Amino acid sequence: MAPVDLIISDATVLTHTEGASPGSGDDPDAARAVAHLLEHHDVGIAGGAIAWVLPTGAAAPEERDGARVIDGRGRVAMPGLVNCHTHSAMTMFRGSAEDVPVHSWFNDHIWPMEVNLTPRDVALGARLAIAEMLLAGVTTFCDHYFSMDRIAEEVSASGARAVLAPTYFSSEGPAGLDRSAAFAAEWHGAADGRITAMMGPHATYTVVDDDLARTARTARELGIRTHLHAAEGMFQTESSLEQRGVTPMQVLHDTGLLEAGVLIAHGAGITPDDVRWLAPFADRIGVAACDKVYLKHAQQSTTPVRLLHDAGVPVGIGTDGPASGNTLSVLESMRTLSLVEKQKEADATWLTSAHALDLATRQSALTAGLGDRVGALLPGRRADVVLVDLTRPHVQPLHDVAAALVLSVQESDVRTVLVEGRVLVDEGRLTTVDVQEAIDGLTARIPQLRDRSHGRRIQDYAP
């Protein structure tokens with residue numbers, strides 16, 4: 001083994017079984033055993049990648065000489081969390097549209113306010129979001145928004161990792177799709193590989209089938225995937241069946257998006273019959289579950305995790321945007337999903353803590369199209385690592401580390417965050433992002449951002 005430049009020493013390491021699948025017909029419980037913990041282990045990092053995971057002190061002295069050592073005692077070293085679906089810059093609208101039904105949330109509040117956005121607003125909102133996510137152990141986020149070039153600049157400067165999809169609607173004509181393709185051509189693989197581009201049609205109900213088919217063709221030509229909203233709730237699936245005779249999942253199939261590869265935001269309206277469309281493409285698709293938002297907006301359906309699990313389709317965890325979900329904490333979203341799933345299935349044995357951790361790391365990486373790069377602390381993967389302190393009163397005494405990470409740990413327990421082996425959070429302190437300008441700038445813009453007197457909105461929400 002070659003010498004390493006950084007060692008995380010004597011930690012409990014959350015690792016994964018190489019090559020395990022999220023579920024299969026032969027073993028529908030496979031994902032429960034995928035994430036497991038190794039006590040008193042070291043993680044060696046070289047050139048931004050995981051070099052080895054070994055029992056503490058097992059590496060030869062010549063492999064350790066000159067390496068920086070981070071003390072992992074009392075801490076869990078886990079893969080950086082992946083936020084599979086968000087609109088990061090909407091930190092600017094956090095708390096601006098509360099306690100209203102979803103149709104009013106869009107048509108009377110958010111979409112009229114988004115008319116007021118400037119590229120600078122988006123940049124500042126994204127900077128604030130990146131800071132929030134890094135402090136909570138999120139090293140990768142999948143974003144879907146406007147002025148994506150400004151968000152990409154913030155990602156590049158921060159050292160974080162992101163999958164970026166510029167939003168467009170068919171109401172824009174061909175310009176929106178062309179803009180998304182141009183962004184992908186410029187930014188895919190940028191920031192030393194930390195930025196991945198996706199095509200960003202808004203949804204199956206705001207982008208017509210011809211444009212979705214063109215999106216699929218463009219994505220294949222560029223060698224990228226697509227990120228869009230589809231079947232956000234069962235009400236959307238019922239509306240699609242009534243108006244068109246097909247479900248949103250069949251739309252994704254018939255337009256070629258499933259074959260090209262797609263990140264499906266929400267999928268809370270996916271039906272058992274939809275599995276026939278999804279399962280054949282399980283190697284290139286994933287569904288982002290955002291259960292906190294479903295509860296807040298009083299939806300009657302949530303992402304069917306068990307159905308997708310049994311079909312072998314990866315399910316990742318998302319927060320949605322902070323205007324709807326308020327926070328960008330994957331820890332909070334993971335906890336919410338784990339509890340919702342037990343209640344929904346009336347099965348306390350379903351979705352164990354180890355399984356929930358797998359969703360937030362390995363399966364979220366698969367959903368983001370990055371399953372070969374991040375999501376697991378395995379040799380050769382990129383060194384996106386989070387150290388979580390388990391010594392605080394709300395975690396002790398410690399009987400079950402996995403349960404503690406899912407059900408007890410708080411965002412403030414995240415002490416160290418690395419992306420590509422670079423320390424972006426050091427003992428709870430950001431090292432690359434200064435958020436005060438973002439906070440001051442967005443606070444000053446509140447009157448202008450909230451102005452709806454112009455009577456316009458960026459789109460009508462009528463799925």
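Take peptides 423-431, 443-451, 79-87 and line them up by average Cβ neighbours within 10 Å, highest first, as a rough protection proxy.
79-87, 423-431, 443-451
How far is helix 436-449 tilted off the main Cα axis of the chain, in degrees rounded to 10, range 0 to 90?
So the helix axis and the longest Cα principal axis differ by about 10 degrees.
Tilt of helix 119-135 relative to the longest C-alpha principal axis of the chain, in degrees (0 to 90, nearest 10)?
30 degrees
Quick one: 3J(HN,Hα) in Hz for segment 374-381, Karplus 6.51/-1.76/1.60 with θ = phi - 60°, rounded, Gly and Pro as x.
9, x, 8, 8, 10, x, x, 6
Quick one: which residues, 5 or more positions from LEU398 or on another chain, have an amide H under 5 Å from its amide H? H modelled 1.01 Å from N in the peptide plane, none for Pro or chain starts.
none
Expressed as a whole percent, how much of the Cα-Cα distance distribution for the chain exceeds 41 Å? Display every interim value, and only then the final one.
On the way: 13889 of 106953 pairs.
Of all Cα-Cα distances in the chain, 13 percent exceed 41 Å.
Using the heavy atoms of the protein chains alone and a 1.4 angstrom probe, what is the accessible area of segment 254-353 per residue in square angstrom? Don't skip to the end; give the middle numbers.
Values: 3070 Å² over 100 residues.
For segment 254-353, the solvent-accessible area averages 31 Å² per residue.
Sorted by accessible area with a 1.4 angstrom probe, largest first, how do HIS109, HIS16, HIS188 fall? Show your work: numbers first, answer last.
Numbers: HIS109 35, HIS16 10, HIS188 85 Å².
These residues rank, largest area first, as HIS188, HIS109, HIS16.
Nearest 10 degrees is fine. How inclined is helix 209-222 to the longest principal axis of the chain, computing both from alpha carbons?
30 degrees
Report, in whole Å, the centroid distance computed from the Cα atoms of segment 156-194 and segment 342-407.
Computed from Cα coordinates, the inter-centre distance equals 29 Å.
Near the amide H of VAL208, under 5 Å away, which other amide H atoms are found, from residues 5 or more places off or on another chain, if H is placed in the peptide plane?
Those lying under 5 Å, H to H, from VAL208 are SER170.
Expressed in nm to one decimal, what extension gain is obtained for the pair ASP5 and SER96 from 0.36 nm per residue of sequence separation less their Cα-Cα distance?
On the way: separation 91, 0.36 × 91 = 32.76 nm, distance 4.56 nm.
Extra length available between ASP5 and SER96 comes to 28.2 nm.
Hey, any idea what % of the chain's accessible area is carbon plus sulfur with a 1.4 Å probe?
Carbon plus sulfur share of accessible area: 51 percent.
Would segment 100-236 count as rounded, prolate or oblate if I go by the C-alpha gyration tensor, calling it rounded below 1.5 in a/c and otherwise prolate when a/b exceeds b/c, oblate otherwise? Display every interim value, and only then the final one.
Numbers: a/c = 1.68, a/b = 1.13, b/c = 1.49.
Oblate shape, in that a/c is at least 1.5 and b/c is the bigger or equal ratio.
Positive end of the charge dipole of segment 166-213 (Lys, Arg +1 and Asp, Glu -1 on Cβ, about the Cα centre): tell me which of ILE195, PRO166, ALA185 has its Cα farthest that way.
ILE195
Return the sequence-ordered ³J(HN,Hα) values of segment 87-97 in whole Hz as given by the Karplus equation 6.51 cos²θ - 1.76 cosθ + 1.60 applied to θ = phi - 60°, using x for Gly and Pro.
10, 4, 5, 6, 3, 5, 10, 4, x, 8, 9
Pull up the DSSP beta bridges for the chain and report the antiparallel fraction as a percent, rounded to 5.
Values: 30 of 65 bridges.
Given both bridge residues lie in the chain, the antiparallel proportion sits at roughly 45 percent.
Please list 3J(HN,Hα) in residue order for segment 398-406, calculated via the Karplus relation 6.51 cos²θ - 1.76 cosθ + 1.60 where θ = phi - 60°; whole Hz, with x for glycine and proline.
With the stated coefficients, segment 398-406 comes to 9, 9, 9, 5, 4, 5, 4, 5, 7 Hz.
What percent does the relative contact order of the chain come to when contacts are Cα pairs within less than 8 Å and at least six residues apart?
23 percent
Just grab the label-to-label distance for ASP434 and SER453, each label 7 Å out from Cα along the Cβ direction, in nm (one decimal).
3.5 nm
The values are calculated or read from the model by the stated rules, or taken from the named source; none is laboratory data. Note that the coordinates shown come from a computational prediction; the quantities given were computed from them, not determined experimentally. Cβ coordinates were reconstructed from backbone atoms using ideal geometry, including for glycine residues, and neighbour counts include every protein chain displayed. Only protein heavy atoms, including side chains, enter the accessible area calculation; ligands, DNA and RNA are left aside. Shrake-Rupley method; radii C 1.70, N 1.55, O 1.52, S 1.80 Å.
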